[in-house]
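Below is one structure; the comments refer to it alone.
The values are calculated or read from the model by the stated rules, or taken from the named source; none is laboratory data. Please read all numbers here as calculations on a predicted model, not as lab measurements. Glycine also receives a Cβ, built like all others from the backbone with ideal geometry; neighbour counts cover every protein chain displayed.
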C-alpha cells in the first residue's frame with residue numbers, strides 16, 4: 001500500500017498484484033487455481049481438513065472421502081497406482097478399509113510402499 005501511494009504521488013501509476021492466501025488454508029491463490037480448489041474456502045471438499053493440510057498429508061483436497069489420517073502413522077494416497085491381484089499369499093490384495101483404534105476408516109492402499117500385516121482372530 002505504501003509503495004502504491006508513493007508512486008502515485010510522484011506521478012507514476014503502478015499496479016501491484018500480490019498472491020495471497022485469502023482463505024487461510026496454507027495455499028496461495030495461484031496454487032488454488034492450479035489445483036482447482038476453492039480460494040474462498042479453507043476446506044474445498046468439506047471433509048473437515050484444510051486444503052493445505054490435505055496436500056501436506058498427501059490426500060486429495062477435492063475428495064471428501066480422503067482426509068489426513070489422525071492415527072499417527074504416515075500414510076499416503078497411492079490407491080490409483082495399485083491393482084489388486086488376488087487373495088493368495090504374496091498377492092497384492094484389493095483395497096479395503098477398516099476402522100482403526102480411533103474409529104477412523106483407513107484404506108489398505110493408503111500405506112504406500114509399506115508391508116502391512118493383517119492378523120485375524122476369532123473367539124467363541
Looking at residue 3, is it out of contact with any strand residue (DSSP E or B) (no Cβ under 8 Å at 6 or more places or on another chain) and either surrounded by 10 or more Cβ atoms within 10 Å (Cβ to Cβ) or at pLDDT 80 or above (or both)? no
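A quick yes/no check of all residues on (1) assigned to a loop (DSSP other than H, G, I, E, B); (2) surrounded by fewer than 16 Cβ atoms within 10 Å (Cβ to Cβ); (3) modelled with pLDDT of 80 or more; (4) more than 14 Å from the chain's Cα centre (by Cα):
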position: 14; (1), (2), (3), (4): yes, yes, no, yes
position: 33; (1), (2), (3), (4): no, yes, yes, yes
position: 42; (1), (2), (3), (4): yes, no, yes, no
position: 59; (1), (2), (3), (4): yes, no, yes, no
position: 71; (1), (2), (3), (4): yes, yes, no, yes
position: 76; (1), (2), (3), (4): yes, yes, no, no
position: 80; (1), (2), (3), (4): no, yes, no, yes
position: 83; (1), (2), (3), (4): yes, yes, no, yes
position: 88; (1), (2), (3), (4): yes, yes, yes, yes
